[in-house]
Amino acid sequence: MSDAAASAAVVPGSPSGIGAPPGVAVFDGHWTLVSVDQATADLLGRRREELTGRNIWIALPELAGTIFHSFLLHARSVGGRVTWRGYYPPVGSWLDATAHRAGDRLHVSLRPSTGPAPEGPADVATGSGEDDRLRFLAEVSESMVSTLDPRESVATLIDLVVPRLCDWAVVSVTRDDGGVADERWAHRDPARTADLDLYFGERVRTAADDNPMATALTTGEPIHLPVIDPAIVEPAFGGSEEVRAAWERLDVGSITVVPLRARAETFGVLGLVNGSARPPHSEMEIATAVEVARRASLAIDNARLYGRQLAVAETLQRSLLTPPPQPDDLEIAVRYLPASSTLHVGGDWYDAFQQPDGATLLVIGDVVGHNVDAAAAMGQVRSILRGIAYDRNEEPAGVLTRVDAALTGLRIGTLATALIARLEQPPELAGSGRRVLRWSSAGHLPPLLLRREGRVELLQAHPQTLLGAESTRPRTDAVAEVQAGDTLLFYTDGLVEQGRTGIDEGTERLLAAVRELAGLPADGLCDELIERIVGHRPEDDVAIVAVRCSAQDGG
């Protein structure tokens, strides 16, 4: 007789026999079933060979999100023996389970439940209570992945657990250096919000051994206090009667603290607090809180990781966009605004520096692409162009020609638009306030010239190929005269194509805005253009260079 048949023969109709010893399964630290008997396999609706040596979440994908799933997670996180009795929908039966941890292994025993079905909506035999719980956990997952802003993620978690799991809650997320990066709290009763604000705003932070928040953070394990010892919270008052009174009005009856943990790192805690009128959390409520924290932790940690990548990428890119020189007779302002839908990096760049003969070189460019690769290529193109342009007092067309040759010879393999403008004052114009602007464009948008009387000119030139296109057609310069009080504006397409606007329409919008802002200095002009056209969430990278020509002695 097979093991399954022997088990079923003890009590006919029962998967493992009500009178039989419990089935036993052992999980290692990676949730691999290192040992499982036939009774357990029968109770879980699987053959023994389908389970042994396999990861439980792969062998039993239907287990994910069930109360039994939360029970296993809870059992792994605590040190003592944990018991559970509940309905397991995948096999349509009630189970009794006991689990305890031994080192990194989790020992679980299962048997069919012998008593009457537990009362209450969460344990109805039809599974409706389990359905509600699964819907709640699905809501947690869906809501938490809707943003990559860590602060929004924390606020969302608070909204999800209050009042569903507790009367009020607090979430605290730490920085990499151990300090508090974000802390949020909320109460189901709006009248108690002021007391929460007073308590958390004025309390004294402690790291005592009996502090449940600190303990959960350092151990990575849930802490449940069905009764609050006044001595635990006394240090937080710091002798303030106002803080003490706020705590007393909050009427705290019990606390459950669940760590926020992902990728083997505990980076925060979720504190669930019930008032004296609400009973302490049951084991199943704690197990649900553990599952909520697990799902929320992954989302919050993803947001933190995204934030780190964002900061590194943006810092790297901004380190390449050096501040411009400020010659006595020129006012130069620059702006760079990353797209809100990418890693805050892209291919747009600006540059401004003086050549050895004293002429000022102004550069604006855009590498094809809107990602980290584009930013890396931008760094290469900008550095090559800067070095070549400074190497000799050369006109813009000659600079672009040599940059093209370098990109081809070094096999950079990227395309970019670029415009180089050289603002110079030959000896015959010295002291007059007049200057000569020479520029050459590699497929870039034309610069604007705002005359001192308020007239705006679009400095069109013959279109030429992009950098990196390996064209043999010669590049040429265009020339214009600039007078004292005039302002030059160089920009990338992110300034004219915002709001899904075409280039022609966007250019007309830009011209109209510049006319209205004619009286502003270069810095103010840049800021107002961004405010009016781009706003705070640009669809594409934006780079701007504005140059105001000052009057000179004798001009």
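Observations
- Looking only at region 47-67, and only at residues there that are under 24 Å from Arg295 (Cα atoms) and at pLDDT 80 or above, the one that is surrounded by the fewest Cβ atoms within 10 Å (Cβ to Cβ): Asn55
- Of all residues in region 74-94 being of a type outside the set (Gly, Ala, Ser) and buried (at least 20 other Cβ atoms within 10 Å of the Cβ), the one that is modelled with the lowest pLDDT: Tyr87
- Residue match in region 264-279 (condition: among the β-branched types (Val, Ile, Thr), buried (at least 21 other Cβ atoms within 10 Å of the Cβ) and more than 16 Å from Arg184 (Cα to Cα)): no
- Considering residues of region 223-236 that are in a helix (DSSP H, G or I) and in contact with an Asp or Glu (Cβ under 9 Å, 6 or more places away or on another chain) only, the residue farthest from Leu270 (Cα to Cα): Ala231
So that you can scan it fast, the table gives a plain yes or no per residue for (1) of a type in the set (Val, Ile, Thr); (2) part of a loop (DSSP other than H, G, I, E, B):
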| position | (1), (2) |
| --- | --- |
| Val204 | yes, yes |
| Val243 | yes, no |
| Glu248 | no, no |
| Arg278 | no, yes |
| Ala299 | no, no |
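- Odd one out for Gly358, checked against (1) modelled with pLDDT under 90; (2) crowded, with 17+ Cβ neighbours inside 10 Å: (2)
- Odd one out for Ser109 among (1) among the small types (Gly, Ala, Ser); (2) closer than 24 Å to Asn274 by Cβ; (3) outside the structural domain of Ala277 (by TED's automatic domain parsing); (4) modelled with pLDDT of 80 or more: (2)
- Out of Ala293, Ala287, sole residue that is closer than 28 Å to Ala246 by Cβ and part of a helix (DSSP H, G or I): Ala293
- Any pair with Cβ under 9 angstrom, 6 or more apart, that starts in region 422-433 at a residue that is within 13 Å of Gln483 (Cβ to Cβ) and ends at one that is assigned to a loop (DSSP other than H, G, I, E, B) and among the aliphatic types (A, V, I, L, M): Leu423/Ala359; Gln425/Ala359; Ser432/Ala484; Gly433/Ala484; Gly433/Ala551
- Meets criteria (buried (at least 20 other Cβ atoms within 10 Å of the Cβ), over 19 Å from Leu423 (Cβ atoms) and either basic (Lys, Arg) or at pLDDT 90 or above (or both)) for Leu488: no
- Qualifying residue in region 209-232 (condition: closer than 29 Å to Ala138 by Cα, assigned by TED's automatic domain parsing to the domain that holds Ala186 and touching a Phe, Trp or Tyr at 6+ places or on another chain (Cβ under 6 Å)): no
- Selection within region 433-449: residues that are touching a strand residue (DSSP E or B) at 6+ places or on another chain (Cβ under 7 Å) and in a loop (DSSP other than H, G, I, E, B). The member of this set that is farthest from Ala512 (Cα to Cα) is Arg434.
- The residue list Arg532, Arg452, Arg509, Arg475 contains one member that is free of Cβ contacts under 8 Å to residues at least 40 places away in the same chain and either part of a loop (DSSP other than H, G, I, E, B) or more than 43 Å from the chain's Cα centre (by Cα) (or both), which is Arg452.
- Matching residues, region 302-328, being modelled with pLDDT of 85 or more and outside any helix (DSSP H, G or I): Pro324, Pro325
- Lone qualifier among Leu407, Leu488, Leu385 - being in contact with a Cys (Cβ under 8 Å, 6 or more places away or on another chain) and either outside any loop (DSSP other than H, G, I, E, B) or free of Cβ contacts under 8 Å to residues at least 24 places away in the same chain (or both): Leu488
The values are calculated or read from the model by the stated rules, or taken from the named source; none is laboratory data. All figures in this text were calculated on a predicted structure; none of them were measured in a lab. Cβ: placed from backbone, ideal geometry, glycine included. Neighbour counts: every protein chain shown.
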